[in-house]
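Report on the following structure.
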Amino acid sequence: QVQLEESGGRLVQAGGSLRLSCAASGRTFSSYFMAWFRQAPGKEREFVAQISSDAITSYAGSVKGRFTISRDNTKNAVYLQMNSLKFEDTAVYYCNAVLFRTTTPRRSEYWGQGTQVTVSS
């Protein structure tokens, strides 16, 4: 099991940058697929970025070229570097961890509590 704790969310002006951090517990952090999701009021939670256990990344089209996800397995941490922020990026950002196993349960998923990012125009 893993506990996730996001940090770094704050108010930032449009065009600015922000780096979110997600600290994870657990000795097997390197085995987890890590991702960032976000949710704005009245909207569905949407995928933002993902990084696999092999450090392969994937991004939503809306953030590609602006956001960068990374991980540091020595620190049990995942980051989301957010550049050229837009008002539309305003949301609660959630850290997500997924573990795939060869034993039951074959898949486990965990969520952090979220951190608020507000982009002012």
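The values are calculated or read from the model by the stated rules, or taken from the named source; none is laboratory data. All values reported here derive from a predicted model rather than from experimental measurement. All Cβ positions, even for glycine, are placed from backbone atoms using ideal geometry, and neighbour counts span all protein chains on display. Please note that ligands, DNA and RNA were not included when accessible areas were found on the heavy atoms of the full protein model with its side chains. Shrake-Rupley method; radii C 1.70, N 1.55, O 1.52, S 1.80 Å.
Can you confirm whether region 80-88 contains a residue that is on the phi < 0 side of the Ramachandran plot, in contact with a helix residue (DSSP H, G or I) (Cβ under 9 Å, 6 or more places away or on another chain) and at pLDDT 95 or above?
Scanning region 80-88, I find at least one residue that is on the phi < 0 side of the Ramachandran plot, in contact with a helix residue (DSSP H, G or I) (Cβ under 9 Å, 6 or more places away or on another chain) and at pLDDT 95 or above, so the answer is yes.
Cβ contacts < 8 Å: first residue at negative phi, restricted to region 92-121; second residue among the aromatic types (Phe, Trp, Tyr) and assigned to a loop (DSSP other than H, G, I, E, B), any location; separation 6+ or different chain. Result?
ALA97/TYR32; VAL98/TYR32; LEU99/TYR32
Give the residue that is surrounded by the most Cβ atoms within 10 Å (Cβ to Cβ), with candidates limited to residues of region 107-121 that are modelled with pLDDT of 95 or more and in a loop (DSSP other than H, G, I, E, B).
My answer is GLY112.
Is it the case that region 98-105 has a residue that's assigned to a strand (DSSP E or B) and within 25 Å of ARG10 (Cα to Cα)?
no
To keep it simple, each residue is scored yes or no on (1) outside any strand (DSSP E or B); (2) not β-branched (Val, Ile, Thr).
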position	(1), (2)
GLN1	yes, yes
GLU6	no, yes
GLY15	yes, yes
GLY26	yes, yes
GLU44	yes, yes
VAL48	no, no
SER53	yes, yes
SER58	no, yes
GLY61	yes, yes
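Only one of these is at pLDDT 95 or above and at positive phi: GLY61, GLY65, GLY9, GLY26. Name it. Show your work before the answer.
Values: GLY61 fails: at positive phi; GLY9 fails: at positive phi; GLY26 fails: at pLDDT 95 or above.
Only one candidate passes the filter, namely GLY65.
For ASP72, indicate whether it is more than 21 Å from VAL119 (Cα to Cα), open to solvent by 70 Å² or more (accessible area, probe 1.4 Å) and of a type in the set (Asp, Glu). Outline the logic, then answer.
Numbers: more than 21 Å from VAL119 (Cα to Cα): yes; open to solvent by 70 Å² or more (accessible area, probe 1.4 Å): no; of a type in the set (Asp, Glu): yes.
Here the answer is no, as ASP72 does not meet what is asked.
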